[in-house]
Each structure stands twice: as C-alpha cells, then as structure tokens.
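The numbers here are math on the coordinates, done by the rules we state, and not lab data. Just so it is clear, the model here is predicted, and its values are computed rather than measured. Glycine gets a Cβ as well: all are built from the backbone with ideal geometry, and neighbour counts include every protein chain shown.
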Amino acid sequence: MKKKIFLILFFLITFESYGYENLDNQILKNLRCLVCQGQTVHDSNSEFALTIKSVVKDKISEGKNEKEIYDFLSEKYGDWILLNPPLKKNSYLLWFLPYFIFVLGIIFLFFLLKKTKN
Amino acid sequence: MKQINYIIVSILFSAIFVILYLSLGNEKIYDTEDLVGKKIPEVEINLFETSGVLNTKEFTNNEFTILNFWASWCAPCRKEHPNLVRLSKITNLKMVGINFKDDKSNAKNFLQENGNPFDILAKDKLGKKSVNFGIYGIPETILIDSELKILKKYIGPLNIKDINEIRKIVKK
Amino acid sequence: MSNYFGNYSLCIALILSIYLIFKSYFDANSENKNLDKNYILITSIQTLMILISFVSLVTAFIISDFSNVTVFNNSHTLKPLFYKIAGTWGNHEGSLLLWINILVLFSSLFLFINKNNDKDFKILTLLFQNILIIIFLIFLLSNSNPFSKLFPIPLEGLGLNPILQDPALAIHPPLLYVGFVGSSIYFSAALAALISKIDSKSLAISIKPWVLISWFFQTVGILVGSIWAYYELGWGGYWFWDPVENSSLMPWFVMTALLHSILVLERKIGLYSWVIILSILTFTMSVTGTFLVRSGILNSVHTFASDPSRGLFILSFLILMVFFSIYVFFKFAPFENKKYSIFSKETFIIANNWFMIFFLGVVLIGTLYPVFLDTITGSKISVGPPYYNLILAPFLIPLLFLMTSGPNYKWISNETKSFFNFVLVLSVILFLITFFIVKESSFLLNLILFFSIYLITQTLFDFYESFKKRNINISRIISHLGFGLLIFFIYINHIFSLENNFNLKLGEVKKTNNYVIKFNNLEEQSIKNYKSVIGHFNISNKKTLRSQELKPEIRLYDKPVIITYEASIDSNLFSDTYLTMSNISETNVFNIKFQIKPFMNFIWFSVLLLSLGGILNFFKRNKNETN
C-alpha cells in the first residue's frame, strides 16, 4: 500500500518537470501575443510582445513566482492571454471532459467485449 | 433502442450546430471588457514635462477622469484628437494624457499642431506602466469615476458615438 | 478568354452532374444488373470539363490576366512563375475549384477502377458523390466564382503574401486536399453500402484503396505543413496546436482508425457499422475543419481570407450532410451481434480505434471550447499547446504499449502471449542506456521514452523475423516503426533543444556555455520584390571545435508592405542550428535568438516512414488482386 502511494506521489511530482526552460522563457511561451494572430509573446517581435517581455523580466527580478505573474497579466488582459487555460469555473468542462470521455469509452468497450466470456 | 440512439444523436448534433451558427456572429476583435467595473491600480506614473510623478490615487479628487494613451507616431491618435478636444470642454471631466513610447519633442510638436486637450500630461516611455491599465495598443481610453472604478474602456480611436456616450455618463 | 472557358466548362459540369444524379437515382431501383456504359462516357466528359476549368484558371494566373478578379487579388507580374501557378490554389476561390476537381476526379476514378461488381452500390456511390459535387459547384458559381470579371482591366495585381511564396507551402494544399477531399469518395460509398446492402468483404475491398490514398496524402500533407512552419515561421517549432493545424489532424485520426478497422472488416470478423460510421465521420471532420478555417470564428496564424457568409454556407452544407447521414444510417444499418474475444488482434484494433477517437475528441474539444464558451457566456479563454501536451502525453504510453503487443496476437483467438521475452529485456537495456545519456527527471517522459524504445525494438525484431520467413507483410511493421521513432525523437528533441536570446551589435561576440557566436558582418540587398538586411554570423562549438556560418535575414517586402524575419538554419544529420535576428527600433542593436534543435531530420524521416507503410500496403493490395 505504501509503495502504491509512493509511486503515485512520485508520478505526480515529476509530472510537469520536462523541458529545461528558464523561468523567463517558460512564462513567455505560455502567453499569447494579443496583437498577433496565433503567436506566443516569446516568439513575437511586436511592440506589445516586447513590452510584456520587459514587464515579465521585471516581475521575476522582483521575486514574483510564475502563478503571480500569470494572475497579474490575466487580471489586466483577461484569461485569453494565458495559453494554458487556468482551472476555473468556466474551464472545468474543458479539463474534465477528455478524461470523462476516456472512461466512458473504456466502459463501452468493456461491455462490447464482455459479450463473449467464452 | 435504435430510436433512442437516433433521438440522442440528433439532439446532440443540433445543439452543436446551433452554437456554431451563433458563433458566426462573435466579436472578432479582442477587447479587455473584463476590466470594466474593476478599479484601476494605485500606481505612480511619470509626468511629461518634469521629472516628477503623480499617483493615480489623486484622481479620486476628480468627479470623472479620462485616461487617454496616445503617441505622435500613431495615425488613429491623430484622427481621434479633435474628439478629445471636444471632451476637454466638459467641466467635471478631468483629461489625463499618457504619452506612450514616444519621443518628447515629437509629442510636443503633435500637441502644438493639434491642440492640447489634457489637464495633466504624463508619459510612459517604455510602455511598461501602461500594462497596469491593461493597455495593449494605442489609442486606448479609459473613463473612471471618483472611486477609480472603470466605467468604460475604448479600444481604438474615439468616435462621435463614444463622445456622446461619455457625455451622457458624465452629465448625470 | 480563359474566363469564358472556365465559366462554361463549370456550367457544363454542373448540368452533367444533375443528369448523373437523376439517372443514377432511377437506375438504382431498376432490375438491370449491368452498369450502363453511358455512365463512363458522361463521367469522363464531366472530368474533362472540370479539368478544363482548372487549367483555365492556372493559365489566367500564368499570363497575369488581371481581368480575372481572383488573379488580380492574388497575383502580381513580378511573382516568379512557380508561385504564380501555386497562387491558383492559394486563395479561397481557387482552392474551392481544386476541391471540386478532386471530388470529380475521385468520382470517375472510383467508377473506372473499382472492382466491385454490385451495380447498385456503384450507382449510389456516384449519386451521393455527385450531390456533393453539385452543392460545391453551386456554392462556387454563386458565391466564390474564380472566373469573375473585372473592368476596366488593371495593369497590376495586388500580389500575394510573401510568406506564402515558399515551395513547401505551394504543394501543401494540394496534398492535403487529396487527403481530406479524397475522403468524400468513401463517404459516398458508405452511404451507398448501407442502402445497397453489400457485404463486409465487398465493402472493405471497395474502400480500402481510397482510404489508403487519402491517408497517405493527409500524412504527407501534414508533414509538409510542419516542415514549412519550421523553416519559414522562424520560431523553431513545427507544431503549435493552432486551430488550422488541428483541422488537418482531426480527419487524420479518423482515417487511421478507419484504416485499422478495415482490416477487421475484410476478414469478416465484424465492425461493419463502425466502418460505415468512420467513413462518414472522416469527410464530416474534413468539412468541419474547412468550416472552422474559412468562417473566421477561429483566431489563427494561418489566416485564410475569412468571411461569415462562406461560413454560413459551409455550415448549412455540414448540417445537411450530417443529418442526412444520420437518417440513412439509422434507417439502413444492419444489426450486428459480433463477439470479440479479449486476447485477439481485432480487440487491439478496436483499442487503436478507441485511442484515435479519444485523441480526436481532445483536439476537437480544445479547438472548439473557446468558441463555444465565447458564444454561450461571452468570456474568452485560450487553449494552447500546454493543454494538448498535458492531456495527450500520458495516453501515448498505453497506445505505444498496445501497438507493440497487439500485432503479435492472432485473429479470433484467445491465446495470451508471454509478456517477458527477449525484446522486452533488450528494450529495458536500451532504455537504461538512453536514460543515462539523457538524464531526464520526469517520470512521465521516461515512460514515454521507454515505451517508444519498446515499440521500435519490437518492430525491428518483427522486421528481422518476417525477412527470415520471407513474409511480405512489412507495411504494418514500417508504419509502426515510424510512429515509435517519431514519438521517441519528438521527446528527445524537446529535452535537448537549447535556446539563447540576447542582444548584439555588429562586431560583438557572445559566449554561451558551449558556443561562441560572432556577429561578423551586416549586408544589405535589394531583390525583385523585397529589400533585405542579412547578418553574417559565425558559430563555433567549443567542445567539437566545429564552425558554422549562418545568415539570418530581415526582409522588407513592398507589395504588400510586410516585414519578415527569415531564419538561417544549418541542418545536419543529428542536429539543426537555428538563428533568427530582429532589430531593436531606433538603435543599432539586434536581438538574436540562437537555438539548437537536435534530430529534426529524424522527426521528418519518421513521418515519411510512417506514410511509407501505408503506400506499401496500397501496392501490396494491388498485387494480391491481380493474382
């Protein structure tokens, strides 16, 4: 039992650690350039993107963490600026529907196969 | 069994198609409508002429305040300028102009040529301060009340309809 | 002149379509068991007409006939010939004409080539296909006619976006169109099969070649699109989960599922109704994708000129198509009571289908959710790469595992296979070697790497085995090998990609951990329709002492006025060095983005391998039938 818990915790902890991005780039890659058509702030050279890059840099040197920076920017510009949709009331369906469908499918397949237990 | 499936599938697709149809009428341009109703932050912005600063908290002394973000290099700003001059005639409305990522002499020339409607002139050379107000392009205009609450946010140049709207809110 | 040819040939094709629809409708119920020779004649003329109209448009572009509105809007006398031709389908009207061409072409090919002898099935397929053709022809002629005239005739055109003047992008649309418009033929065939009640094997044999062809072109089309994005867009990535990219990926998932299900169907084990559903679903997803892209309801970097009125038409068509299919399906679908045993190949194929449909669902949800939320509540959120990566990545693990073990099971059996074998042991060893080189800390990533290694090892082992036994069923092995390699290299590339962003003036040097980057020279050039500023950089690797010369550009086009940033890429076997530069306005300082992208060529190669398996199966099938 302890082993199971350990494995689950291990799995969850190391879930998100891929990519060796420094914090700066990581945040900028998660922000949408509002004046561009489908580009991240990181990849854009527009005036807006340059301003945001500068602001994010300042915030990091002030010691703010990733979540605080996202909160600040989404408070000013709306959730649309965040490419990773935050888990809020209006996105519960977005995040849970895939898993729900997957489980539904497993159940359906189970019944399909259960027909022959010979 | 077949009948029920048929009905469920039909209803599901109908719902999806209705939503897709309605989506065709969605507003394409992104506006930061979320901010209306919230308060602007209490931050310091640099004054234009001197090296001093002003704190937005001071705007609580005004009944209504217009914050207009503009620059001399911005063509739509030129277009909306006469409307700003019209607005400046309203007595209980204070006009604050924030010069955005601009060159001082160009900005001065702009105001000399087109008139200066602003009671207070500020500047944001790097554009970073404007982020606090949710600005992502210029011109943008924010109308606030004496409690610093955002009443209206205009993305793009102000037109006559916007001016009349502001007049109505402010005259009440 | 070409306008006349174009318009008239389209009208003739329209009339022929109407004739075909009526004729096939009445013939379908008749007692006659043989196919009237007239069908071949009429269809041939129809195909000829459509080709004439297409050639007319291409000609108009080549000679820069600006009396044609489409040519005027999208071409320019200074454009190189190759791009003038490609400009034919680089716009809404022209691409719609291409769409119709493929509908007609596949219709006639189906009639000529199909070995199925059931007259009703063939006629009904023709009927439904021609309904599709007519609807698109009406749309074209009434709303988006590529042969509209302009008077007075302007001297010069408005030019095409310079970003679209690229060889990869020129062939990308035709490839994809053969893919997802090609799926129309098995959409029609599926409906025809339901009504004419042909049997499993018949259906499988009839649609399999078409599914293979469309799948192959869809795969290669997506690949070319990604390669273009990598080389042209300058951000160093190749997939952004952009709505337009997703629109091409969604039909691909259904095609892959269909491909696998046909294997079950042709062995008469089951899945008849499911194959019908998938066939209908593929083309449905294609039209849905077209709707999403052209209606303007999505925000994307691939802006196709969008127009709500077009969106309305495509949506209406989609609604008609879907409800008609639902009606036919529920009225005519046979009742099946197949039984599937758990440890048999068909179950693994069903599992594959399950994953494909699941992936389809995730991408569909991610793409549509912002639109739906905006319409219903008015609030706008973004669903970007983080969402898709987070949700899809873990499911790769069971998929890879099933791909590895599945093929070893037999059809209709209940034999369990031993899990612990030589291949597993070898995979573990290879994985451990990889682990010690890569030193990745994420458990999830390591699992993905392990299972892709397991799949690669197993397929290589299978390849060796089949070579020994002189068994020629290598299409599955090659495709699965390609997929395993793809996942493996995608993640290795992700882990080892390096990026460095810094400001540099001419003459300065930047030292990073392993590289020394020298800004040696700045050159200005004036080419046909643009001016460019080219930076000459020397990059030397401190460890390997290798030296590379890279020349990123900033280009200023004049018609229309656009600034583009051209990446300089030194592509080697194992790694690409990627450099872009942009200037900071009103200074002489340049912002440089330096990236190392390992194994890019291996990623492209894996996809080619994946598609190769499909094409091999297509030719193998041909050989089998002539025996």
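Some points to look at:
- Relative protection proxy for C:454-465, C:20-31, B:73-84, from highest mean packing down: C:454-465, B:73-84, C:20-31 (other beta-carbon atoms within 10 angstrom).
- Here C:607, B:18, C:561 are placed in order of increasing Cβ neighbour count within 10 Å, fewest first, which gives C:561, B:18, C:607.
- In a fully extended conformation the segment linking residue C:390 and residue C:81 would gain 106.8 nm over its present Cα-Cα distance, using 0.36 nm per residue.
- Exposure proxy ranking, count of Cβ atoms within 10 Å, fewest first, for C:602, C:313: C:602, C:313
- Using a simple spin-label model with pseudo-atoms 7 Å out from Cα toward Cβ, residue A:64 and residue B:2 lie 6.2 nm apart.
- Peptides C:192-199, C:266-273 ranked from most to least packed give C:192-199, C:266-273, packing being the mean of other C-beta atoms within 10 angstrom over each peptide's residues.
- Rounded, prolate or oblate (a/c below 1.5 giving rounded, otherwise prolate when a/b exceeds b/c) for the protein assembly as shown by Cα gyration tensor: prolate
- The C-alpha atoms of chain B define a longest principal axis, and helix B:160-171 lies at about 70 degrees to it.
- Chain C: C-alpha gyration tensor shape, a/c 1.5 cut-off, then a/b vs b/c: oblate
- Using a Förster distance of 56 Å, the FRET efficiency for residue B:60-residue A:107 (Cβ separation, nearest 0.05): 0.40
- When the pairs B:79/B:101; B:28/B:104; B:125/C:531; B:89/B:125; A:59/A:88; B:94/B:153 are compared against a 26 Å limit on Cα-Cα distance, B:28/B:104; B:125/C:531; B:89/B:125 fall above it.
- Shielding by other protein chains, C:290-298, mean Cβ within 10 Å: 2
- Least to most buried among C:432, C:111 (fewest other Cβ within 10 Å first): C:432, C:111
- In nm, spacing of pseudo-spin labels at residue C:502 and residue C:438 (7 Å Cα→C-beta vector): 2.9
- Segment C:498-601, Cα convex hull volume normalised per residue, Å³: 109
- Spin-label model distance (nm) - residue C:464 vs residue B:29, 7 Å beyond Cα toward Cβ: 6.6
- Three-way shape label, segment C:117-200, alpha-carbon gyration tensor, a/c 1.5: oblate
- Relative to the current alpha-carbon distance between residue C:239 and residue C:601, full extension at 0.36 nm per residue lengthens the span by 128.8 nm.
- Summed side-chain charge close to residue C:82 - residues other than residue C:82 whose Cβ falls under 15 Å, Lys, Arg +1, Asp, Glu -1: +2
- Amide hydrogen proximity for residue C:589: with H placed 1.01 Å from N in the peptide plane, the residues at 5 or more positions away or on another chain lying under 5 Å are C:584.
- Cysteines in the protein assembly as shown that lack a partner Cβ within the 4.7 Å cut-off: C:11.
- Judged by the mean number of other Cβ atoms found within 10 Å, the most tightly packed of the peptides C:274-282, A:28-36, C:512-520, C:327-335 leads the ranking C:274-282, A:28-36, C:512-520, C:327-335.
- Here the calculated FRET efficiency for residue C:549 and residue C:424, from their Cβ-Cβ distance with R0 = 60 Å, stands at 0.80, rounded to the nearest 0.05.
- Taking amide H as placed 1.01 Å from N in the peptide plane, residue B:100 has its amide H under 5 Å from the amide H of B:70, B:71, B:124, each at least 5 places away in sequence or on another chain.
- For segment B:8-43 and segment C:555-602, distance of Cα centres in Å: 36
- Only lysines eight or more places from residue C:543 in sequence, or on another chain, were considered; those with a Cα closer than 23 Å are C:439, C:510, C:511, C:518, C:551, C:593, C:597.
- Enclosing the Cα atoms of segment C:207-323 in their convex hull gives a volume equal to 102 cubic angstrom per residue.
- Legend: mean number of C-beta atoms from other chains within 10 angstrom of residue C-beta atoms, peptide C:228-236, equals 1.
- Shielding value for A:80-93 is 5, the average number of Cβ atoms from other chains within 10 Å of each residue's Cβ.
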